[in-house]
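Accompanying notes for the structure given below.
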Amino acid sequence: MDKVGIVGCTQTKYEADKIDQTYSELVFEVVKKLHNELGITNDDIGCVITSSNDFNDGRTIANMAIQDAVGSVRKAESRVSGDGAFAYIYGAMRILSESFDTVMVVSHCKCSEVNQYLVNNSIFDPYYQRHLGLDQISSAGLMANMYMNKYGVTEEQAAMIVVKNRRNALNNPYAHLQERITIKDVINSKIMAYPLKELDFPPFSDGAVAMLLAKEDIAKRMTDTPVWLKGYGNCTDAYYLGHRNMTDLVGLELAAKQAYKMASITDPIKEIDVCEVSENFSTHELMIYEALGLCAPGEGGKFIEGGETEMNGSIPVNPSGGVLSSNPIMANGLIRVAEIALQLKGKADKRQVPNAKTGLAYGMNGICSQGNCVLIFGGE
Amino acid sequence: MKMPKHDVAVVGIGQTKFRSKRRDVNIPEMVYEAVKMALDDAQLEPKEIDAIIIGNMDHFEGINFSELFCGIEGAPGYLKPVVKVATGGTTGSSLAICGYHNVASGIYNKVLVVGWEKLKEGGATTGIITAFDPVWERPSLAGALGPLALMAGMYSAKYGITAEQAAKVTVKNRSNAANNPFAHLQMPNITIDYVMSSQMISYPLRLHDVCPQSEGACALIYANEEETKKITDNPAWFHAVETTHYYTFGTDEAMFDLPTATLASKKAYKKAGIKNPVKDLDVAEIYEPTSWSELSWTEALGFCKPGEGGKLLDEGITLMSGEFPVNPSGGVLSTNPIGATALVRVAEAAIQVMGRGEKRQVPDVEKALAMGFGGSLWTEILILGKEPLR
């Protein structure tokens, strides 16, 4: 595969309610910051790929409102309706197809403007399941219950994920929830969908993220620390929860296998230095460990207890604090890519994993990991 | 000139019969009809498809992440990549272009692109109104009809185009549609008087100056050079794909023409080595939401000089019998399933290139143009040819 490089990336601070900015102003903030950081103008950008969701924005053709903000007037823009990781790969494809030299990828979400439970309820089919009231919370409860039951994973083990990610977020100036919490806090928080409690879930955040991709020679010219795409896998699980294996993330496992194959990775835990994953609830991250092959099926609980995924462990997961700390839903996947890019550039400041050379980013669409995009990046 | 990494061809085509209501099927069943037809056309098994690109406007049917629903239940997306591209009216062309990059990049060998709309289960206008800015635009200029009426009014005022000239477009396209078994409104005996005496909707647009709302789906299968050879000896190759977008507010510039169509088509012509579109292309399938817009778009695409769109049709050049037929399928004025509309343009352009148009076939087509229009006055152009470009 030819090389596609991440030249630079910018993020907003993630917050609960950015009432003073419209979503196009959020987008403009990161685009302008990207221009300034890289010393480029709009003319240096070949085309733009955005990621957003009409339901989350409360606007049909939500990308219509950000044409000026992304500078795509008289220029090509296209919009992936879904998570930002999928927009990243479309942007990379436009360089690999040799159609463009540079592509800017932008994702935004302003959760504060919409009722997220209704938005998520609308993912369920209109004929049979929607009126049951299913949403991301109740379906996460079903998944967590089945998973914990099958493998004997405890509530304490699940809570350790939340404690780890929120603590990591203290080192990330962009993170929304930055707080030191205890396992007890998580377990004693209000029950949301058995066995998951309020603190097992992420907040809802407003924010945006932008990055510039370039083909090899241009990326090398624009930055001393380009971050290269090494592997990509994409796999969609069954739609109906009843058609899925709810105790293992089958779609993610297959996507990871494809990505490892492309990146020639045979032993992920040894060959990957840092992961940024889209964990939508505490036990979800445990299941992600297993699907990514960091530990054996059912061993996620023991794995977090071993501390391997802590900042000082052998494979830190979510040094940024992950989705459990900042959750501008559609932007999550692109934030994961941006955070891995910062790690591999050695520019992650207080959340830097020492000597990070290879990183993994995981973005997700839909309910309980239905759509999965795994990306492997290398810094050399 | 830059060449793509891989040549990409359309190797399979499927479309449903478009109607105002498909009460006999639910959404995934309707999607499946087009998908199955495309798979059968390319003689491929579902397992042979590498990835699925989906286009649909989720607000119109009220289904969030409709690709995760219909990509699995209506298309063979289980354990495969499924991605949705949604850009309003241009959705069909945006997903056609996304599919192109999926194959041209070398990431996938064979992809399925599928777009649809099932409007009776939702509300297109309700959805479209929310596309407009809630503070500045929504109270005055929201929906599809308002801006299109404004454009038609400004266009006719600037160039003296008459309502009769516009009505001729509807007569041409809806009688062309009678030759297309998939078209929604087939009116072989429609007259100019009939169009001009229909109800006024939004001045100067009358009922029959405006496209219908249709239900249906369209699916295409793309392959790279190597796979194409195995599948068919009659593919349609992509020569150029171009997108040009515009200001957030369409009204930031005069709306009597369509600058994005001029810019996008110029870029596409350059890539495809086309100097005079009317001579070098053989047929065009363009996205005309109203009769007036076809006249204006033919100018913007360089088929004639600015202001001469009416004359172009008066001279019969864009008729089926003319030198350069526009919309032999009947166009958008006959069939408009929004998420699929622009993809139908690509499908029909491919059908013409393959020579499979039966009663609507233009003789000896070597190159065809397909156009998508939408958003805040966006244009997408795709050019297809009988031979690969290189």
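Readers should treat all values here as calculations from the given coordinates under stated rules, not as data from a laboratory. If you're wondering where the values come from, they're calculated on a predicted model, not measured in any experiment. Using ideal geometry, Cβ is built from the backbone for each residue, glycine included, and neighbour counts are taken over all protein chains shown.
Things worth noting here:
- Contact order normalised by residue count of chain A, Cα under 8 Å, 6+ apart, percent: 25 percent
- Listed by chain and number, the aspartates and glutamates whose C-alpha is less than 13 Å from the C-alpha of B:Lys311, apart from same-chain residues fewer than 8 away, are B:Glu164, B:Glu294, B:Glu299.
- The Cα trace of segment A:314-380 gives Rg and Dmax of 12.0, 35 Å, the first to one decimal, the second as a whole number.
- Fully extended contour minus Cα-Cα distance, from A:Lys270 to A:Lys350, at 0.36 nm per residue: 26.5 nm
- For chain A, built as a Gaussian network whose Cα springs stay under 10 Å, the top-fluctuating residue of A:Thr12, A:Thr309, A:Thr41: A:Thr41
- Inverting the pair-averaged 1/r between distinct Cα atoms of segment A:245-380 gives 14.6 Å as its Kirkwood hydrodynamic radius.
- Within the protein assembly as shown, antiparallel bridges make up roughly 75 percent of the DSSP beta bridges whose residues both belong there.
- Each residue of segment A:352-365 is assigned a 3J(HN,Hα), and the resulting list reads 5, 8, x, 6, 6, 10, 10, x, 10, 10, 10, x, 9, 10 Hz, derived from the Karplus form 6.51 cos²θ - 1.76 cosθ + 1.60 (θ = phi - 60°), x at Gly and Pro.
- Extension gain (nm, one decimal) between B:Ser321 and B:Trp136, 0.36 nm per residue minus Cα-Cα: 62.0 nm
- Across q = 0.27 Å⁻¹, segment B:83-163 modelled as identical point scatterers on its alpha-carbon atoms has Debye log10 I(q)/I(0) values of -1.20, in the order of the q list.
- Proximity of backbone amide H atoms, modeled 1.01 Å from N, is registered between A:Val7 and A:Leu212, A:Leu213, A:Ala214 at under 5 Å, excluding neighbours fewer than 5 places apart on the same chain.
- Overall form of segment A:1-56 per C-alpha gyration tensor (a/c, 1.5; a/b vs b/c): prolate
- Ranked for footprinting exposure by Cβ neighbours inside 10 Å, fewest first, A:Tyr289, A:Tyr194, B:Tyr32 give A:Tyr194, B:Tyr32, A:Tyr289.
- The HN-Hα couplings worked out from phi for segment A:320-326 by the Karplus form 6.51 cos²θ - 1.76 cosθ + 1.60 (θ = phi - 60°) are 6, x, x, 5, 4, 9, 9 Hz, whole numbers, x standing for Gly and Pro.
- For segment A:29-187, the spherically averaged projection of the C-alpha convex hull amounts to 13.3 nm².
- Of the GluC sites (Glu not before Pro) found in segment B:154-241, not one falls in a DSSP loop while having at most 10 other beta-carbon atoms within 10 Å.
- The C-alpha atoms of segment A:193-296 occupy a region whose extents along the principal axes are 53, 36, 27 Å, arranged from largest to smallest.
- Rg(Cα) / (2.2 N^0.38 Å) computed for segment B:33-78, rounded to two decimals: 1.23
- For chain A: Kirkwood Rh in Å [reciprocal of mean 1/r, alpha carbons]: 20.4 Å
- Close amide H pairs (under 5 Å, H built 1.01 Å from N) link A:Ala208 with A:Thr12, residues at least 5 positions away or on another chain.
- Over all Cα atoms in chain B, the spread is summed up by Rg and Dmax: 19.2, 56 Å.
- The angle separating the long axis of helix B:91-104 from the principal Cα axis of greatest extent in chain B is about 30 degrees.
- Angle between chain B longest axis and helix B:145-159 axis [Cα atoms, degrees, rounded to 10]: 60 degrees
- Across B:Lys168, B:Lys367, B:Lys21, mean-square fluctuation computed from a Gaussian network of chain B (C-alpha pairs under 10 Å connected) peaks at B:Lys21.
- Chain A: antiparallel DSSP beta bridges as a percent of all, rounded to 5: 70 percent
- Extension gain (nm, one decimal) between A:Ala296 and A:Tyr117, 0.36 nm per residue minus Cα-Cα: 61.1 nm
- Calculated from backbone phi, Karplus (6.51, -1.76, 1.60) coupling profile of segment B:167-175 in Hz, x at Gly/Pro: 4, 4, 5, 4, 4, 4, 6, 6, 7
- With the convex hull drawn over the C-alpha atoms of segment B:165-264, the volume per residue is 183 Å³.
- Other-chain or far-sequence residues with amide H under 5 Å of A:Arg79's (modelled H): A:Thr50, B:Ala86
- Between helix B:338-354 and chain B there is an angle of about 70 degrees, using the helix long axis and the longest principal axis of the Cα atoms.
- Rounded, prolate or oblate (a/c below 1.5 giving rounded, otherwise prolate when a/b exceeds b/c) for the protein assembly as shown by Cα gyration tensor: prolate
- Label point 7 Å beyond Cα of B:Ile192 along Cβ direction - residues of segment B:267-309 with amide nitrogen under 15 Å: B:292
- Cα gyration tensor shape for segment A:282-355, rounded if a/c is under 1.5, else prolate or oblate: oblate
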